[in-house]
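Contents: one structure, followed by commentary.
Here, each number is a calculation from the coordinates, and none is a lab measurement. A quick note: this is a predicted structure, and the numbers were derived from the prediction, not measured. No Cβ is skipped: glycine too gets one built from the backbone with ideal geometry, and neighbour counts run over all protein chains shown.
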């Protein structure tokens, strides 16, 4: 049967790490099993805006808010919205009062990993399956042939969760949006034109049911998502192992855009494909003893409301708090957690889907300008 762990978390992303940290603060040990070989095995993606009502709430619960403030990207809340001709329609600076400070996902993950006791995260453990053993216990098997058993199994293993099938038959569906992700390294020195276009924070260029979404990273690079409404198979028609050919193929869908905007793809140092998937809005499951989900495993949605990482962290903190509040009664803890989880995630998924439709509809630019434009003072 393998090693037994009273509480096992599958997935060492932000949600799983937050859960383990809050459990640790409450004197409860957890074992995390993570696919990646180490904390430094790969880059963790782009910038995140951490919301006061969710991500920051979770960091307070984890006792890490002061550490979070030290890694905030100053200026990261600045924003520009432009049209395909390069005209700037919205331009906001970062005065530090926006309530959603930006930071590097990798820095946040490091903060969480370093807050846990040594040995909490078991690296290089790729899950191949999970099954119920009865009485609320479960077995998890790994690609290296090993297995564990656990009294409480938490699926924090993302979009294609191996734990979710224990609870739900739902699978993520393609949303109709595909990205070609690019990076422009050492932007100030090597890509000054693109650095000037993006500015200090978030950038959004829209038109023709397509968009260029970008951030300035804390290391001085630019991370760009060339997004478009596309058939699910579109990315399969592009050879992303040939950067020049991939760049040409992607830019064919941005004909007529200003050359300064096209340069965000044309001059990129990397390019990679990414399809956007989502679970059905309102995804939920019946209570099954000894297992639950958090983060994308529970409610993966499109990224256009900026909620994914924030919800995962809040899920982790709320789940851990519920476990601590119901000592010896796992089912009461999971019931309390899920009663709050389901409506919260449904509301965010609804907002995310609406943002996708607004951003990539026929009036995408106009609707985003209306959304972000400063509101007149009242009274």
The chain: most fluctuating residue of 268, 252, 78 per GNM, C-alpha cutoff 10 Å: 252
Å³ per residue enclosed by the Cα convex hull of the range 173-277: 95
Distance from the range 267-281 to the range 112-132 (C-alpha centre basis), Å: 26
GNM top mover of 12, 205, 86 - the chain, alpha-carbon springs below 10 Å: 86
Cα convex hull of the range 187-232, projected area averaged across orientations, nm²: 3.8
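Compute the Cα gyration tensor for the range 94-155, then decide on rounded, prolate or oblate, letting a ≥ b ≥ c be the square roots of its eigenvalues: rounded whenever a/c is under 1.5, prolate when a/b is larger than b/c in the other cases, and oblate in all that remain. If you can, show how the numbers build up before the last one.
On the way: a/c = 3.09, a/b = 2.38, b/c = 1.30.
Taking the square roots of the gyration eigenvalues as a ≥ b ≥ c, the range 94-155 is prolate.
Please report the projected area of the range 13-157's Cα convex hull averaged over all directions, in nm². If you can, show how the numbers build up before the last one.
Details: hull surface 47.0 nm².
That works out to 11.8 nm², a quarter of the Cα hull's surface.
What is the packing order of peptides 219-227, 241-249, taking the mean over residues of other C-beta atoms within 10 Å and listing the highest first? List each step's numbers first, then the result.
Numbers: 219-227: 21.6, 241-249: 14.6.
Per-residue mean Cβ counts within 10 Å order the peptides as 219-227, 241-249.
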Cα gyration tensor, the range 281-338 - rounded (a/c under 1.5), prolate or oblate: oblate
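Take peptides 329-339, 150-160 and line them up by average Cβ neighbours within 10 Å, highest first, as a rough protection proxy.
Values: 329-339: 17.3, 150-160: 23.5.
My ranking of the peptides, most packed first, is 150-160, 329-339.
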Approximate spin-label separation residue 255-residue 71, in nm, with each point projected 7 Å along Cα-to-Cβ: 4.5
Per-selection Kirkwood Rh - the range 155-218 (Cα, Å, 1 d.p.): 15.2
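Highest mean first, what order results for 100-110, 187-197 on Cβ atoms within 10 Å? Mind showing how you got there, number by number?
On the way: 100-110: 20.1, 187-197: 16.5.
Order by mean packing, descending: 100-110, 187-197.
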Cα radius of gyration and Dmax for the chain (Å): 21.3, 68
Most mobile of 133, 111, 293 in a GNM of the chain (Cα contacts under 10 Å): 133
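What value, in deg cm²/dmol to 500, does the helix sum -39500 (n - 2.57) over DSSP H runs of n ≥ 4 give at 222 nm once divided by the residues of the chain?
Numbers: 12 runs with 124 residues, N = 379.
Helix contribution divided over all residues of the chain: -9500 deg cm²/dmol.
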Rounded tilt (10° steps) of 308-325 against the dominant C-alpha axis of the chain: 20
Helix 330-359 vs. the chain, principal-axis angle (Cα, 0 to 90°, nearest 10): 10
